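Data first, discussion second: the structure below is written as structure tokens.
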């Protein structure tokens, strides 16, 4: 083997190492960007649901209190709620058919989706 062939082999190995490393770095960045995008989409969904509920004149405090009451009546009654997110608003014709869905998160990370219904001016489980 002459010097030219050795240089070509070394260059080929270096090129493959750079390509492989670049692919690994690009995949890692794509995963990080995807997680950030999903978080932004979830935040936008929560804001949209809250805005929709506000536009309908729904009282957010009463709605959240009804969702928390369901949590306290379930298996997680001893677990405090760390977060309550309004994730869906179901606005059917009339007021007694309206529904809302909350995602409740306990301090230990337990998640539970809770659906509440509107009866007159009150929100009930």
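The values are calculated or read from the model by the stated rules, or taken from the named source; none is laboratory data. Note that the structure is predicted; figures quoted are calculated from it, not measured. Note that we place each Cβ from the backbone using ideal geometry, even for glycine, and neighbour counts take in every protein chain shown.
Annotations for the structure displayed:
- Candidate set from the stretch 97-124 (those that are in contact with a strand residue (DSSP E or B) (Cβ under 6 Å, 6 or more places away or on another chain) and in a loop (DSSP other than H, G, I, E, B)); member that is surrounded by the fewest Cβ atoms within 10 Å (Cβ to Cβ): 107
- Looking across 42, 35, one residue alone is in a helix (DSSP H, G or I), under 16 Å from the mean Cα position of the chain (by Cα) and surrounded by 13 or more Cβ atoms within 10 Å (Cβ to Cβ). It is 42.
- Failed item, numbered, when residue 65 is tested on (1) within 16 Å of the chain's Cα centre (by Cα); (2) touching a residue at least 40 places away in the same chain (Cβ under 8 Å): (1)
- Matching residues in the stretch 48-69 - criterion: being at pLDDT below 80 and either surrounded by 10 or more Cβ atoms within 10 Å (Cβ to Cβ) or assigned to a helix (DSSP H, G or I) (or both): 48, 49, 50, 51, 52, 53, 54, 55, 56, 58, 59, 60
- Taken as a whole, the structure leaves residue 35 outside the set of residues that are more than 30 Å from residue 87 (Cα to Cα) and without any contact (Cβ under 8 Å) to a residue 60 or more places away in the chain.
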